[in-house]
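Colleague: Could you have a look at this structure, given as structure tokens, before my questions?
Nothing in this text is a laboratory measurement; each read-out follows from the coordinates by a stated rule. On a predicted model such as this, the values are computed, not experimentally measured, just so you know. Here Cβ is always computed from backbone atoms with ideal geometry, including for glycine, and neighbour counts include all displayed protein chains.
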Amino acid sequence: MLNLIKEIKQPILLTGATGFLGSNLLHFFVKNNVQIHIIIREQSNLWRIKNIINKTHKHIVDLEDFNKIKRVIKKIKPKTIFHLATYGAYPNQNNFEKIKKINFDALINLNFG
């Protein structure tokens, strides 16, 4: 696994850092002293990452806000993006427009921001 870390181009940007997959990936990077930027929402529940969030570069941005995403991307110039944020994974998350905005539009914005 450590060889894999050397192959990942930095800086790294991670969305979905508070979710199950994202938090585990974030813990892995922090444990291996990899500098990582995370995008989280103002209202994010940080319980999975509260013990390591101070070891990251935290950016508070709603993924639906293209202009703010664009500014973050311009500032950090990520070489690798892990887009693990999602909406629609739970039965009560059934707003199709929001599913499209978070799962698809945000990916486009992150890559072309």
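Colleague: Test of understanding: in a Gaussian network model of the chain with alpha carbons linked when under 10 Å, which of PHE66, PHE96, PHE82 would top the mean-square fluctuation ranking?
Modeller: Looking only at PHE66, PHE96, PHE82, the largest GNM fluctuation is found for PHE96.
Colleague: Per residue of the stretch 72-79, in order, report the coupling 6.51 cos²θ - 1.76 cosθ + 1.60 (Karplus, θ = phi - 60°) as ³J(HN,Hα) in whole Hz, putting x for Gly and Pro.
Modeller: With the stated coefficients, the stretch 72-79 comes to 5, 4, 4, 5, 9, 6, x, 9 Hz.
Colleague: Going through the cross-link list LYS50/LYS79; LYS50/LYS101; LYS58/LYS79; LYS50/LYS70, which pairs have a Cα-Cα distance over 21 Å in this structure?
Modeller: Violating the 21 Å Cα-Cα cut-off are LYS50/LYS79; LYS50/LYS101; LYS50/LYS70.
Colleague: Distance from a point 7 Å along Cα→Cβ of GLN10 to each backbone N in the stretch 62-106: keep the residues under 13 Å and list them by number.
Modeller: 79-80
Colleague: With Cβ to Cβ distances under 11 Å as the rule, what net charge do the other residues near LYS101 carry (K, R +1; D, E -1)?
Modeller: For residues surrounding LYS101, the net value is -3.
Colleague: What is the pair-distance distribution P(r) of the stretch 10-112, computed from all Cα-Cα distances in 5 Å bins starting at 0, with each bin given as a whole percent?
Modeller: It works out to 2, 13, 25, 26, 19, 11, 4, 0, in whole percents.
Colleague: Relative contact order for the chain: what percent, with Cα pairs under 8 Å and sequence separation of 6 or more?
Modeller: Normalised by residue count, the contact order of the chain is 29 percent.
Colleague: What value, in deg cm²/dmol to 500, does the helix sum -39500 (n - 2.57) over DSSP H runs of n ≥ 4 give at 222 nm once divided by the residues of the chain?
Modeller: So the calculated ellipticity at 222 nm is -10000 deg cm²/dmol.
Colleague: Might you report the magnitude of the Cβ-based charge dipole of the chain about its Cα centre, with Lys and Arg at +1 and Asp and Glu at -1, to the nearest 20 debye?
Modeller: Magnitude of the dipole: close to 440 debye.
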